[in-house]
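Visitor: Below is the structure I would like to discuss, written out as structure tokens.
What follows is calculated from the coordinates using simple rules that are stated; it is not laboratory data. Treat the numbers as computed from the prediction; the structure is a model and nothing was measured. So basically every Cβ, Gly included, is an ideal-geometry build from the backbone, and we count neighbours across all protein chains shown.
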Amino acid sequence: MKLFKHLLLFILLVFVTPALATAGWWMLQDRPGSWSSADWSSSGLLPKAEADRKAAVYVLAARTGGLKGAFSLHSWIVTKQAGAAAYDRYDKVGWGSPIRRNSRPADGRWYSNEPFVVHALEGKAAEAVIPKVEAAIASYPFSKPGDYHVWPGPNSNSFVAHVLRSVPELGATMPPNATGRDFAAGIGTIGWSAATGDFHATLHGLAGLSVGATSGLELHFMGLVAGIDIARPALKIPAYGRWEIF
């Protein structure tokens, strides 16, 4: 009983309190009242495709809409072949065709929320991995109508996480508040990734941990992530995301 109380207190302090504080902050933000009134236009975050002749791969994310935005991001993949005059954007969504190509501007706002670059790869390195990225997108196992589930997944973040795991050469990691990134079908997964230098274990994406060179130390609970990033010094705060230390 004492151990249970200590565990409950740990969950309350490490996961629940930061998540509730973030939810309180989110409720004070100016947000659109509906999908139709939201701004989905280009944010101008990415350079004009026709002006930048280099190949590129971007992982972008933005807070999602409604109350979900207090706890999670929506993430997507953007690619551009060398010399191409336009970007290609890939999202997984919960309506219509689950994996959409170019349904929004490459750097479009999401429910009026400004996107940010999670990771960027440009030039020859990007040119080399684009075929692998496209193959990973095509091989995503939850790509049919009805496969989308807001929580615990598979959702938009599960899709992007699949691509990043399939193409470790990208060198990208998902934000800690990308709920669904740790989703695993069935009971869960456990294993070591030589490509990222991480040990990862998860119970259906609901509870687990990651330890290693890329992840640092992470504890996962009900889609929330708490931990510390050693390689890029930051605290990983449930629902809030990264808090840079330096």
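Visitor: Mean separation of Cα pairs under 8 Å and 6+ residues apart, divided by the residue count of the range 42-244: what relative contact order is that in percent? Mind dumping the intermediate values first?
Guide: Working: 475 pairs, mean separation 33.8, N = 203.
Relative contact order for the range 42-244 comes out at 17 percent.
Visitor: Could you list ASP52, ASP147, ASP107, ASP30 so that the one with the fewest beta carbons within 10 Å of its beta carbon is first and the one with the most is last?
Guide: ASP30, ASP52, ASP147, ASP107
Visitor: Once you've got the GNM for the chain with C-alpha springs shorter than 10 Å, pick whichever of SER37, SER215, SER143 has the biggest mean-square fluctuation.
Guide: Top of the fluctuation ranking is SER37.
Visitor: Let me ask something else. Would you mind computing the Rg to Rh ratio of the range 151-231 from its alpha-carbon coordinates, Kirkwood style for Rh? Kindly include the intermediate steps, with their values, before the conclusion.
Guide: Values: Rg = 11.3 Å, Rh = 12.4 Å.
Reported Rg/Rh, Kirkwood definition of Rh: 0.91.
Visitor: Could you work out the mean projected area of the convex hull around the alpha carbons of the range 53-133, in square nanometres to one decimal?
Guide: With every direction weighted equally, the projected area is 5.6 nm².
Visitor: Treating only the Cβ atoms of Lys and Arg (+1) and Asp and Glu (-1) as charged, compute the dipole magnitude of the chain about its Cα centre; round to the nearest 20 debye. Mind showing how you got there, number by number?
Guide: Numbers: 23 positive and 18 negative charges, 59 e Å.
That gives a dipole near 280 debye.
Visitor: Given 5 Å bins starting at zero, what is the percent of C-alpha pairs of the range 4-120 in each, up to the one with the largest pair distance?
Guide: 2, 11, 17, 19, 15, 12, 9, 7, 4, 2, 1, 0
Visitor: Then there is this: Hey, what angle do you get for helix 17-27 against the long axis of the chain, alpha-carbon based, 0 to 90 degrees rounded to 10?
Guide: That helix lies at roughly 50 degrees to the long axis.
Visitor: Got a sec? Charge dipole of the range 1-100, +1 on Cβ for Lys and Arg, -1 for Asp and Glu; which of GLY44, SER34, MET1 is way out at the positive end?
Guide: MET1
Visitor: Something else now. Going down the list LYS92/LYS236; LYS80/LYS132; LYS68/LYS144; LYS2/LYS236; LYS92/LYS132, which pairs span over 20 Å between their C-alpha atoms?
Guide: Those over the limit are LYS92/LYS236; LYS68/LYS144; LYS2/LYS236.
Visitor: Test of understanding: ordering LEU164, LEU20, LEU67 by Cβ neighbours within 10 Å, fewest first, what list do you get?
Guide: Fewest to most other Cβ atoms nearby, the residues stand as LEU67, LEU20, LEU164.
Visitor: A follow-up question, please. Relative to the longest principal axis of the C-alpha atoms of the chain, give the angle of the C-alpha long axis of helix 2-11, reported between 0 and 90° and rounded to the nearest 10°.
Guide: Long axis of 2-11 versus the principal axis of the chain: about 30 degrees.
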